[in-house]
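Report on one structure; see the data block that follows.
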Amino acid sequence: MNALLFERQVWFATGPLVIEEEAPETMEDFIYHRPVLVTEAVELLAPKPGALVVDATLGGGGHTEAILRSGADVLALDQDPDAIAYATDRLADFGGRVTLRQANFREATRVLDELGVAQIGGALLDLGVSSRQLENAQRGFSVMRGGPLDMRMDPRRELTAATVVNTYSEEELTRIFREYGEEPAARRIASHLVKWRKSSPFTETMQLAKAVEKIVWRHGRRHPATQVFQALRMEVNDELGALEEGLRALTGRLESGARIAVITFHSLEDRIVKNFFRELSREWLDEPNWPEPKRNPAFALRLITPKPIDPSEIEQRLNPRSRSAKLRVAEKL
Ligand SMILES: C[S@@+](CC[C@H](N)C(=O)[O-])C[C@H]1O[C@@H](n2cnc3c(N)ncnc32)[C@H](O)[C@@H]1O
């Protein structure tokens, strides 16, 4: 059966681009993770045939497969060994064109050095968690599934969500709930958790979800602990710290004309990417107290997407998780 195709036109700095989207045929396609903005990301990465692209967030391998099909080779990283195991099977037909490594993308420089790769022909980061991670109760990411309060994407790391909830000070918890979770009741939640953990430390997801339910009322369809869970996940995996380091490491290795594409799902992540691209794409710096503008020593990028690309309406309808996604792309000078 032929897949249904939808067409839409998107404007980029380089001109209009007509994008064809394939409607899914079976739910089998989504078992591990349904990738977001695949067509847009690969079109804008525009890797040269035979170039080596780093997919820094392998997940279920959807983006990696699309990049391989475009003709480039891929070095794919993921800090979660489960993603590596799954994608090893899925991508077996591509043989030596794809290399998989369990690693945090903040260590991209070390991995590339180990493999003897000096420069790369593109890089992709598709941030956050995969559906598989969310849906596996034993990983502890989901507010709806009973399991240990864990949330580590890399099980070799020590810090778990339980350690954060049971040992961080009220001030620290307030900060992460407010900053990472954008939770208006951050202080109230932190103060109750600190009180309650004295008699019974938090070890299970449902225990924490129910505790937060007692503190804040449910508004809308989201569980009241959703933002607290998101904040804990970002803290446990140091997601923003890893993003800053990963962007520098990968951009530093791009060859001239190669592109970096980043898909974010959180306003703080998007701000980091926006500021990073802006900082490196400004040729001249000026301050009111300088006699004249100075050349920016970090100048290294050209913006391909002055404004972030959102998923199409069709994609948002087919995959509600894509609604908060934003894609930004830049090119090495
Ligand atoms: C949204 S999923 C990626 C989905 C993937 N693009 C696909 O097509 O299936 C994000 C993945 O990135 C991984 N990840 C998140 N932060 C990471 C980091 N700092 N280093 C390496 N992998 C990371 C997660 O373990 C997860 O598997």
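Values as computed for the structure displayed
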quantity: Full-extension gain in nm, E313 to H223, via 0.36 nm per residue minus C-alpha separation; calculated: 29.9 nm
quantity: The chain: Lys pairs at Cα distance under 23 angstrom, eight or more positions apart or on different chains; calculated: 12
quantity: Considering only the chain, percent of DSSP beta bridges that pair antiparallel, nearest 5; calculated: 55 percent
quantity: Rounded Å value of the spacing that divides the Cα centres of segment 212-280 and segment 281-317; calculated: 19 Å
quantity: Whole-angstrom gap from segment 135-172 to segment 72-111, using each part's C-alpha centre; calculated: 25 Å
quantity: Cα-Cα pairs of the chain separated by more than 34 Å (percent); calculated: 29 percent
quantity: Modelled FRET efficiency - R0 35 Å, Q138 with E172, Cβ distances, 0.05 increments; calculated: 0.85
quantity: Theoretical gain in end-to-end length, E292 to D154 [0.36 nm per residue, Cα-Cα removed]; calculated: 44.8 nm
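None of the figures in this text is laboratory data; all of them are computed from the coordinates on show. Computed from a prediction, not measured in an experiment: that's the story for all the values here. Don't worry about glycine lacking a Cβ; one is built from the backbone with ideal geometry, like all the others, and counts go over all protein chains shown.
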